[in-house]
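The values are calculated or read from the model by the stated rules, or taken from the named source; none is laboratory data. The shown structure was predicted, so the numbers you read here are calculated from the model rather than taken from an experiment. Here the Cβ is made from the backbone with ideal geometry for all residues, glycine too, and neighbour counts use every protein chain on show.
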Amino acid sequence: MKTEIIKINNPAESYRDIERAAGIIRAGGLVVFPTETVYGLGGNGTDPAAASKIYAAKSRPSDNPLILHIAKPSGAERYAVTNEHYYKLAEAFMPGPLTIILSKKPVVPDRVTGGLPTVALRCPSHPVAHALIEAAGLPIAAPSANISGRPSPTSARYAIEDMDGRVDMIIDGGDCEIGLESTIIALDGDGALLLRPGAVTYDALCCVLEKVEISAAAMGEMTADDRPLAPGMKYRHYAPSSPLVLLEGSDEDFINYIKQKRSIENCAVICSPVEAKALGGENLVLTGEAGDYPTQARRLFSALREADKLGCGVIYARKPPADGLGLALYNRLVRAASHMVIKI
Ligand code: TXA
Ligand code: MG
């Protein structure tokens, strides 16, 4: 398939292109588009055939459900059974990087929800994503626009790497501001369960809802007999092809450990600019400074892709503290590392 690649920075100035992209979605085709979290691989969320095309383009198992992207929070009424908690969260965090899971209405195809009785809804704040959903006049079903098992794309370059030839159009809207996928919270009855940590942090959710539980998967934990609540959690994710190992220890121990390892093996290191200066030499991939979670988040997936391209036998990164946005970083890293954490 020939993929058309177009650049849109300001949707108001690219009205025709947005209309064309929306036309592709309405006609059952696939369009990759930017969001504030990561790039999405979008199709008509009311059409089972479009959902099948999405699974095929990603090489994704079809029991792993898709998120429906809507233009405004009240758009949820058509597709899900909303409640008071939904509107409280929507008022605080929508549009933005939060996905809410509710009981679905029959209009949502089973193919989109992987047969689940629930549906995931998100209202992105990115102007291009918003304009595209409005113009399509439909909910857009969209997983992250990576081939299944690879890191989510945070710039058009990576979306093109994975999706060129697999979709009708890719919209290049620059780099994603957040860089990690949305926070996912499931609401049922009175309860709220955090399934995937993201830029809307656990603490922020607790400011709005009285009680929020954190699932084991969100904490980065995983046991063999765990039935994952977000089916995507059971698949190996964000995985570079060289093994990734997380190191837990002080700044000094980290520098010493890497120096020693470098003398005996060819390794890539994901580290902060300060650490890179202390280490010097090759095969260093930069992330944000220690404690600068927003920069670390923005760079994480590109760092994993770039580290992988160095073709070293192993990639090392530091284990982030699991607080605030650090929990989301930890959750992605520990799964990319298949839980390989070394205390140094
Ligand atoms: O930021 C994001 O959420 C990005 C952008 C494109 O919006 N999308 C994204 O989609 O990350 P995806 O498909 O890569 O991840 C969605 C996750 C999957 O782990 C899936 O299993 C889970 O959401 N999910 C979707 N519907 C669900 C449902 N009804 N119940 C539980 N988990 C669900
Ligand atoms: Mg994904």
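Quick check on this structure: which one of Ile171, Ile160 is surrounded by fewer than 24 Cβ atoms within 10 Å (Cβ to Cβ), within 20 Å of Ile6 (Cβ to Cβ) and either in contact (Cβ under 8 Å) with a residue 12 or more places away in the chain or in contact with a Ser or Thr (Cβ under 7 Å, 6 or more places away or on another chain) (or both)?
Ile160
Filter the stretch 285-344 down to residues that are of a type in the set (Ser, Thr, Tyr), over 17 Å from Val38 (Cα atoms) and surrounded by fewer than 19 Cβ atoms within 10 Å (Cβ to Cβ), then give me how many there are.
1
For Leu304, are the conditions met, namely being farther than 21 Å from Tyr202 by Cβ and touching a Pro at 6+ places or on another chain (Cβ under 9 Å)? Write out each step before concluding.
Values: farther than 21 Å from Tyr202 by Cβ: yes; touching a Pro at 6+ places or on another chain (Cβ under 9 Å): yes.
Judged against the criteria, Leu304 is a match.
Would you call Val119 touching a Lys or Arg at 6+ places or on another chain (Cβ under 6 Å), more than 16 Å from ligand 2 (Cβ to nearest atom) and of a type in the set (Val, Ile, Thr)? Steps first, answer last, please.
On the way: touching a Lys or Arg at 6+ places or on another chain (Cβ under 6 Å): yes; more than 16 Å from ligand 2 (Cβ to nearest atom): yes; of a type in the set (Val, Ile, Thr): yes.
It is true that Val119 is touching a Lys or Arg at 6+ places or on another chain (Cβ under 6 Å), more than 16 Å from ligand 2 (Cβ to nearest atom) and of a type in the set (Val, Ile, Thr).
For residues in the stretch 58-82 being in a helix (DSSP H, G or I) and more than 16 Å from ligand 2 (Cβ to nearest atom), which is nearest to Leu98 (Cα to Cα)? Show your work before the answer.
To start, the set of residues in the stretch 58-82 that are in a helix (DSSP H, G or I) comprises 58, 73-78.
Those still in the list that are more than 16 Å from ligand 2 (Cβ to nearest atom) too: 73-78.
Numbers: Pro73: 11, Ser74: 15, Gly75: 15, Ala76: 13, Glu77: 17, Arg78: 19 Å.
Only one residue tops the list, namely Pro73.
Of the residues in the stretch 142-157, how many are within 13 Å of ligand 2 (Cβ to nearest atom) and either hydrophobic (A, V, I, L, M, F, W, C) or surrounded by 20 or more Cβ atoms within 10 Å (Cβ to Cβ) (or both)?
If we filter the stretch 142-157 for residues that are within 13 Å of ligand 2 (Cβ to nearest atom), which is where we start, we get 142-154.
Going one step further and asking which of them are either hydrophobic (A, V, I, L, M, F, W, C) or surrounded by 20 or more Cβ atoms within 10 Å (Cβ to Cβ) (or both), we end up with 142-147, 150-154.
Of the residues in the stretch 142-157, 11 are within 13 Å of ligand 2 (Cβ to nearest atom) and either hydrophobic (A, V, I, L, M, F, W, C) or surrounded by 20 or more Cβ atoms within 10 Å (Cβ to Cβ) (or both).
Being within 27 Å of Asp164 (Cβ to Cβ), within 9 Å of ligand 1 (Cβ to nearest atom), touching a Gly at 6+ places or on another chain (Cβ under 7 Å) and in contact (Cβ under 8 Å) with a residue 12 or more places away in the chain is the requirement here; does Val112 meet it? Steps first, answer last, please.
Working: within 27 Å of Asp164 (Cβ to Cβ): yes; within 9 Å of ligand 1 (Cβ to nearest atom): yes; touching a Gly at 6+ places or on another chain (Cβ under 7 Å): yes; in contact (Cβ under 8 Å) with a residue 12 or more places away in the chain: yes.
Considered against the rule, which asks whether it is within 27 Å of Asp164 (Cβ to Cβ), within 9 Å of ligand 1 (Cβ to nearest atom), touching a Gly at 6+ places or on another chain (Cβ under 7 Å) and in contact (Cβ under 8 Å) with a residue 12 or more places away in the chain, Val112 comes out as yes.
With Arg335, Arg298 as the choices, which residue is at pLDDT 95 or above and in a helix (DSSP H, G or I)? Reasoning before the result, please.
Details: Arg335 fails: at pLDDT 95 or above.
When all the criteria are applied, what remains is Arg298.
Taking the stretch 265-295 only, how many residues are assigned to a loop (DSSP other than H, G, I, E, B) and either among the aliphatic types (A, V, I, L, M) or outside the structural domain of Ser250 (by TED's automatic domain parsing) (or both)? Working first, answer last.
Step one: filter the stretch 265-295 for residues assigned to a loop (DSSP other than H, G, I, E, B), giving 265-266, 272, 280-283, 287-292.
If we keep only those that are either among the aliphatic types (A, V, I, L, M) or outside the structural domain of Ser250 (by TED's automatic domain parsing) (or both) too, we end up with 290.
Total satisfying the criteria: 1.
Restricting to the stretch 188-201, name every residue that is in contact with a Ser or Thr (Cβ under 9 Å, 6 or more places away or on another chain) and either surrounded by fewer than 23 Cβ atoms within 10 Å (Cβ to Cβ) or touching a residue at least 60 places away in the same chain (Cβ under 8 Å) (or both).
Quick first cut of the stretch 188-201, residues in contact with a Ser or Thr (Cβ under 9 Å, 6 or more places away or on another chain) only: 188, 193-201.
Listed by number, the residues that qualify are Asp188, Leu193, Leu195, Arg196, Pro197, Gly198, Ala199, Val200, Thr201.
So Glu77 passes all but one of these: (1) among the acidic types (Asp, Glu); (2) in contact (Cβ under 8 Å) with a residue 40 or more places away in the chain; (3) farther than 23 Å from Asp168 by Cα. Which condition number does it fail?
(2)
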